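The values are calculated or read from the model by the stated rules, or taken from the named source; none is laboratory data. None of the values given here were measured: they were computed from a predicted structure. No Cβ is skipped: glycine too gets one built from the backbone with ideal geometry, and neighbour counts run over all protein chains shown. The area values use the complete protein model at the heavy-atom level, side chains included, leaving out ligands, DNA and RNA. Shrake-Rupley method; radii C 1.70, N 1.55, O 1.52, S 1.80 Å.
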Amino acid sequence: MLRWEIKKLTRNVWNIPIITSVICLWGIMLYFSTQARFWYILGSLALGFIILFISTRLFILDEEEKVSEVILTTKYGRWNLLFQRVMTAGIYTTGIVILFLFIQVIGVLLFNRNEIDVHELLTVHFLKGCLLVWGGSVLFSVFTACLCTIFKSHGVTAILSGILFGMTYILRGNLLQQYSFEWFLEKGLFSYLIRGENGLFEPQWVVIIVWYVFLMVSMITITIIIQFRRHEI
Amino acid sequence: MSLIKLGFMEGKKLFSQREIYIALFLCTVLFVMGLDAIGEPDVPLLFWRKLADVIPYVGFWFIAILIVVGVARCLPFEQEQGMSELLLTYKKGRLTLLVVKQIVILMYCVSIVLYFYGIAVFVFTMDYDLTGLFAQVKENPNLYFYANLEWTYAELMIYEFGYIVLASYIFALFIVLLSLFIKRSVFIMMIGGSIFAAGELFDKFIIKYIGTMELGYYLTTIYDYMFNGMLSFRYLNYFGPFSTNEVYGLFLFIAFLLFGMNLFLGRWQRHVAMGD
Amino acid sequence: MILKIENVTHQFKNFSALKNVNCELSPGIYGLLGPNGAGKSTLMRILVDVILPTKGRLFYNNKEITTLGARYREIVGYLPQEFHGYSNFTAEEFLKYVANLKGLDQKNAQSRVQQLLELVGLAEVKRKKIKGFSGGMKRRVGIAQALLNDPEILILDEPTSGLDPSERIRLRGILTKLSKNKIIILSTHIVSDIEYVADEVLLLKDGELIEKAPPSKLLNNLLDQVWEMQIREEELAKYSTSYAISNIHQQGSKIEIRIISQEKPHRSAEKVNPRMEDIYVYYFGSRESNAICQ
């Protein structure tokens, strides 16, 4: 079943143009810098964009292609399929993170002008930071999947997640009061995790973990409740 | 059906999109947060200076977001409802509809701009003294953009309102142009949004890496004179080549050009669809 | 094998789509007939457990279908009114995907998919993407996916819409062959399809099940009540207000009409054998033909 879901995702016609354009942009940027802080803006934005554009679509495809009722009447078309799709979104996101990481490592090895200690770069920024990047991306893809399932609209999901995710890059809350609304907006909406390195030195990491657990559990619970009400699981 | 009635129906279709209201809610919250972040002690005429600066400072992001969200579905609506081929068979059909839709989009742009000015007025009224509408700009001249210092704030606000309506309308017409080639609204939304976001990303981040290169200079010029520059008042740069009147003329020209181009392309697509 | 519908009611806000529907279905083909908005699709969606009824229950072999869950879905095949299929998949891929969801193992799925593609006449285009299919071809993919798990309960919502006459005849043949030990429910606006294949007809009007009987019995009820006659054009309005008209046919300067009436409407009227279309008009009225007359 997972194989089919991955096939559906990879059949998205936008896959190649989007990933190619992101890679091209990165390629240009890599030439100008060794990009120790690559995830900080470009990387995290590109990941968020791909998650919103491609992997979220898996959760709305049945509605768009008018097959949702057919799927709902199959033996494994409810709980099982939902679980498989979340897994697929996670696997796809992991694949994209690995691809981006690969490009970065290549960039560092090719273009590093000895300004940065390669060992430190690879261990601290890439390996440790990447765990956060990966975790944040997978959580974000699950979050958008839940939103898409709730609203049954790719547009609404893109707007809600896109604005909240994107705004953290513009309205910066670094100087704002701890635990304020702005603080949560800045740190609690996935981009903070996907940026990687900042999270490694986060003094309030316990609060951050509690917040993400709360956010994800609430989101998944709401999705399940709504799915139950609609008699979809 | 008369054009006014058709326009009314198209307006109803545009304004009944739930996506607009979701985006409006989020943008309002973030916009107010943005306004709060630039708070400072009151001095005479600060209200009007801040009001004049609010769109070039943060407001244009939200205007751009709402334009992308609202306009992206305007054209694909018929396609998504399975009506596009039907429209080709009507006497007035697609072309008249395209004219009406582009006029309705102008009304939409006016509404969005008014809405954000309204919010800003509401927020600033709580912190600053409202008096000074007819004071001259030169009495408190530190604006984000170039303006005639002999103008009163009333004149400045009228000019600025017209400027941002035209700039946002040009951006909206560009989204219409995109939607002539992309069938699904969500993709139009994401591509339109990405083009705008890429500009902002360049201005806020990428330029730091390539600012010293010749390429950086060219890209900055493109930024300044494309949609991001229009919406963020870069055309009224202190060292810009255009006077305030020339900017209006240029914007009107671009808007007419895009309006006509969309009609031409719409007509061409109609012929292609009908196999002419 | 019995599918029992017990006091099923479904309410959409202020609109009652189904009102207290009761019936028992045993193996055979059932034709669901009713005007637009009568509740046919709602009843079908309830029968396949896509929506829950506001009131009432459904039992399959005396077990409530909601408690059966996946075990019930295992024996159900469904074709909804609107069906497209994944546009970027080929017909074969789509069927394999659904087979997978229906729990068929890979080997079985492979042979079953080929068999069904042959059956619905899509074997030659099985590697073509669904986005390039015509409406009728998509419908046939829909029929094939409904048959994948060899369902005991097969529910088809307007399966013949978009099919050409030869495909309709082919589908009728398939359904007749399958009907042994299966409950097949189909709705269609092409009443002749029901006349040819249905063992029983369920008539739904304003959400209520008003009749459940074999077509022959319904036709017998109308014996001696269907008339054909020729009238002048100006007389049409008079007849359309007084009688149920099931057909109007212009013949030169005159009009031939088909009337359903217990009494002979005119001395020139000739008695004719009833058809399913007459039954439709008899039970549901003839809004369209009356509108034309007026």
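Observations on the model:
- Computed about its Cα centre, the charge dipole of the protein assembly as shown is approximately 2160 debye, with only Lys, Arg, Asp and Glu carrying charge at their Cβ.
- Rounded FRET efficiency, nearest 0.05, which uses the C-beta distance separating B:Glu80 from C:Ala213 and R0 of 56 Å: 0.85
- Of the trypsin sites (Lys or Arg not before Pro) found in region C:171-217, the ones in coil according to DSSP and having at most 13 other Cβ atoms within 10 Å of their Cβ are C:Lys180.
- Dipole of region B:3-274, positive direction: furthest Cα of B:Gly266, B:Gly34, B:Tyr128, with charges on the beta-carbon: B:Gly266
- A:Phe83 paired with B:Met213, simple spin-label distance in nm, labels 7 Å along Cα-to-beta-carbon: 5.0 nm
- Residue (of C:Tyr78, C:Leu223, C:Gly37) at the positive-pole extreme of the protein assembly as shown, dipole from beta-carbon charges: C:Leu223
- Relative contact order of chain A, defined on C-alpha pairs under 8 angstrom at six or more residues apart (%): 28 percent
- Applied to region B:109-120, the Karplus parametrisation 6.51 cos²θ - 1.76 cosθ + 1.60 on θ = phi - 60° returns per-residue 3J(HN,Hα) values of 4, 4, 4, 5, 4, 4, 4, 5, 4, x, 4, 5 Hz, with x for Gly and Pro.
- Paramagnetic label zone (point 7 Å from Cα along Cα-to-C-beta, B:Asn245; backbone N under 15 Å) in region B:155-178: none
- Region A:215-233-region B:148-172 distance, computed between alpha-carbon centres (Å): 47 Å
- In plain terms, if you count all Cα to Cα distances in chain A and split them into 10 Å steps from zero, the share in each step is 7, 31, 33, 21, 7, 1, 0 percent.
- Chain pair B, A: total accessible area buried, heavy atoms, 1.4 Å probe, Å²: 2700 Å²
- Placing a pseudo-label 7 Å from each Cα along the Cα-to-Cβ vector at C:Gln115 and B:Lys12 gives an inter-label distance of 5.3 nm.
- Across region C:135-294, the relative contact order, built from alpha-carbon pairs under 8 Å that are at least six residues apart, equals 19 percent.
- Cut-off 16 Å, label 7 Å out along Cα→Cβ of B:Trp151, residues of region B:223-238 by amide N: B:230-238
- Phi angles of region C:225-233 translate, via the Karplus equation with coefficients 6.51, -1.76, 1.60 and θ = phi - 60°, into HN-Hα couplings of 10, 10, 10, 10, 7, 9, 10, 7, 3 Hz per residue; Gly and Pro are given as x.
- Rg over Rh [alpha-carbon atoms, Kirkwood Rh] for region B:3-274: 1.00
- Amide hydrogen proximity for C:Gly121: with H placed 1.01 Å from N in the peptide plane, no residue at 5 or more positions away or on another chain lies under 5 Å.
- Checked against a 26 Å cut-off, the cross-linked pairs C:Lys96/C:Lys131; A:Lys75/C:Lys126; A:Lys8/C:Lys182; C:Lys96/C:Lys177 give Cα-Cα distances beyond that limit for A:Lys8/C:Lys182.
- Flagged links, alpha-carbon separation over 19 Å, of A:Lys187/B:Lys50; C:Lys4/C:Lys102; A:Lys66/C:Lys138: A:Lys187/B:Lys50; C:Lys4/C:Lys102
- Computed 3J(HN,Hα) for region A:84-95, one whole-Hz value per residue from the Karplus formula 6.51 cos²θ - 1.76 cosθ + 1.60 where θ = phi - 60°, is 4, 5, 4, 4, 4, 4, x, 5, 4, 4, 4, x, glycine and proline marked x.
- A viscosity of 1.306 mPa s and a temperature of 10 °C, combined with the Kirkwood radius over C-alpha pairs in the Stokes-Einstein formula, give the protein assembly as shown a diffusion coefficient of 52 µm²/s.
- Working from Cα pairs under 8 Å separated by at least six residues, relative contact order for region B:3-274 is 27 percent.
- Alpha carbon centroid spacing (whole Å) that separates region C:109-181 from region B:1-73: 51 Å
- Over region C:41-97: Kirkwood hydrodynamic radius from C-alpha pairwise inverse distances, Å: 13.2 Å
- Each DSSP beta bridge with both residues in the protein assembly as shown is either parallel or antiparallel, and the antiparallel ones are about 65%.
- Close amide H pairs (under 5 Å, H built 1.01 Å from N) link C:Lys205 with C:Ile210, residues at least 5 positions away or on another chain.
- Inter-probe distance in nm under a simple model that places probes 7 Å from Cα toward Cβ, at B:Arg267 and B:Asp129: 5.8 nm
- The charge dipole of region B:3-274, taken about its Cα centre with unit charges on the Cβ atoms of Lys, Arg (+1), Asp and Glu (-1) only, comes to about 1480 debye.
- Computed E for A:Val217/B:Lys204 - FRET, C-beta separation, R0 25 angstrom, nearest 0.05: 0.15
- The accessible-area ordering, largest first, of the residues B:Asp224, B:Asp42 stands as B:Asp42, B:Asp224, per a 1.4 angstrom probe.
- Summed buried accessible area for C+A [probe radius 1.4 Å, Å², rounded to 100]: 2800 Å²
- What the protein assembly as shown shows is 45 Å² of accessible area per residue, with the surface traced by a 1.4 Å probe over protein heavy atoms.
- For region B:61-205, the equivalent ellipsoid derived from the alpha-carbon gyration tensor has semi-axes of 37, 18, 13 Å in decreasing order.
- Annotation: extensible slack from A:Phe102 through A:Ser180 equals 24.4 nm (criterion: 0.36 nm per residue apart, minus Cα-Cα distance).
- Taking the Cα centre of region C:205-294 as reference, the dipole from Cβ charges on Lys and Arg (+1) and Asp and Glu (-1) amounts to some 140 debye.
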